[in-house]
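Got a structure for you, written out below as structure tokens; questions coming shortly.
The numbers here are math on the coordinates, done by the rules we state, and not lab data. This structure is a prediction, so every number in the text was calculated from the model and none was measured. Reconstructed Cβ throughout: ideal geometry from the backbone, glycine too, with neighbour counts over all protein chains shown.
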Amino acid sequence: MNVLVTGGAGYVGSHVLPELRRAGHNPVVFDNLSEGHRRAVADTPFIKGDLASDEQIADALARSRADAVMHFAARAYVGESVEKPQEYYFNNVAGALRLLRAMLSRGVKRLVFSSSCCIYGVPQTVPITEDFRIQPINPYGRTKAIVEDILSDYARAYGLRYASLRYFNASGAAADGSIGEDHDPETHLIPIAIQAALGRRDGVSVYGSDYPTPDGTCIRDYVHVLDLATAHVMALEALEDSPVQIFNLSTGQGHSVREVIQTVKQVAGRDFKVEEAPRRHGDAPALVGSSERIRAELGWQPRSSSLDEIITSAWRWHSAHPDGFQEEKG
Ligand code: UDP
């Protein structure tokens, strides 16, 4: 299939490109480079464009002769979404609506959508299954939940075939160390701890050590970005037979903040300062996802998502590229 990949220069999107090619598909990236990196795309055909422009979307669908779309392009900082909800609703919701309208007018009816476990809010129990209540607690999560509702309505009315993939904590880097995570500002625990190990930060703050968890710190379900990539390709190919797919992408295993920091120290072979800090607003004590549904329906399995493998691959990337992709923005 010819696959237009919006946000293909971003963290998850760029790791899906080689996987698509390996499976015999032809990805074309559509990205405005506001967050993404041209170098992360390597030799995949690239179209610079913005989901704010109907014309640019239509042009990209035409030039790529898209049979399907993978839609990653979205703003994805929870804290920022609280400060600037307007940006999030326009980018994430209006952007998706424009993309869908352009797809339908060209008869492109296959979409793989990048959703998030954020839509579950603060669940009462774990592991979370796909039928848990959708009750996001911040604008970012609400944009993802709204787009999921739109997709469901469009599937019924217009015959759209879609997969909505709800990621837990995307982490890790390409096996060959060529691409990895590069956010500015960086807010995620694993890259922050690695930067501390590299001496590029003073240390790591643990946001909250009085949670009702075994060591008092938050528990998350870290899933390797390469396992996410495989799931995207499997879901895309399954759209032929399963027109609506809603899946958690998770391992079912949770790790505490302290456990992550300890593993980074071990993998890096370096110590760094760790200090206790107040809770971060909006953090759920534990987010662990059941991925039984995608395992049963598509035969997906996380293969690289042990904490050790995730952190080893991330360490390889960050220690070889301490300044990330080193590119000008825009
Ligand atoms: N965290 C932390 N210190 C940091 C960054 C994150 O203690 O400098 C914690 C955060 O509160 C959460 C966990 O690490 O409990 C994972 O956070 P991250 O931002 O990586 O992912 P999230 O689960 O928020 O998507």
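Could you tell me whether any residue of the stretch 266-287 is within 17 Å of the chain's Cα centre (by Cα) and surrounded by 19 or more Cβ atoms within 10 Å (Cβ to Cβ)?
For the stretch 266-287, residues within 17 Å of the chain's Cα centre (by Cα) and surrounded by 19 or more Cβ atoms within 10 Å (Cβ to Cβ): present.
Sticking with this structure for a sec: Out of all the residues in the stretch 263-299, which are out of contact with any Phe, Trp or Tyr (no Cβ under 9 Å at 6 or more places or on another chain), in contact (Cβ under 8 Å) with a residue 12 or more places away in the chain and of a type in the set (Gly, Ala, Ser)?
282, 290, 299, listed by residue number.
Moving on. Among the listed residues 156, 161, which satisfies the condition of being more than 16 Å from the ligand (Cβ to nearest atom), without any contact (Cβ under 8 Å) to a residue 24 or more places away in the chain and within 30 Å of residue 108 (Cβ to Cβ)?
Just a single option satisfies the conditions, and that option is 156.
Quick check: is even one residue across the stretch 291-300 part of a loop (DSSP other than H, G, I, E, B), farther than 27 Å from residue 176 by Cβ and away from the ligand (no atom under 16 Å from the Cβ)?
No: the stretch 291-300 contains no residue that is part of a loop (DSSP other than H, G, I, E, B), farther than 27 Å from residue 176 by Cβ and away from the ligand (no atom under 16 Å from the Cβ).
Moving on to the next point. Take the residues in the stretch 209-231 that are outside any strand (DSSP E or B) and within 11 Å of the ligand (Cβ to nearest atom); name whichever of them is nearest to the chain's Cα centre (by Cα).
221
In contact (Cβ under 8 Å) with a residue 60 or more places away in the chain, assigned to a helix (DSSP H, G or I) and within 21 Å of the chain's Cα centre (by Cα): does that describe residue 99?
yes
Counting only residues that are of a type in the set (Gly, Ala, Ser) and touching a Ser or Thr at 6+ places or on another chain (Cβ under 7 Å), how many does the stretch 174-200 have?
Going through the stretch 174-200, the residues of a type in the set (Gly, Ala, Ser) turn out to be 174-175, 177-178, 180, 193, 196-197, 199.
Keeping just the survivors that are touching a Ser or Thr at 6+ places or on another chain (Cβ under 7 Å) gives 175.
Looking only at that region, the number is 1.
Just name the residue that is surrounded by the most Cβ atoms within 10 Å (Cβ to Cβ) out of those in the stretch 184-195 that are more than 9 Å from the ligand (Cβ to nearest atom) and either aliphatic (A, V, I, L, M) or in a helix (DSSP H, G or I) (or both).
The qualifying residue surrounded by the most Cβ atoms within 10 Å (Cβ to Cβ) is 194.
Further question on the same structure: Starting from the stretch 164-183, keep only residues that are within 19 Å of residue 36 (Cα to Cα) and within 12 Å of the ligand (Cβ to nearest atom), then list their pairs with residues that are assigned to a loop (DSSP other than H, G, I, E, B) and among the acidic types (Asp, Glu) whose Cβ atoms are within a distance under 9 Å, requiring at least 6 positions of separation or different chains.
Pairs that qualify, where the first residue is within 19 Å of residue 36 (Cα to Cα) and within 12 Å of the ligand (Cβ to nearest atom) and the partner is assigned to a loop (DSSP other than H, G, I, E, B) and among the acidic types (Asp, Glu), are 169/221; 170/181; 171/181; 183/35.
When only residues in the stretch 13-39 that are closer than 21 Å to residue 171 by Cβ and touching a Phe, Trp or Tyr at 6+ places or on another chain (Cβ under 6 Å) count, which is surrounded by the fewest Cβ atoms within 10 Å (Cβ to Cβ)?
39
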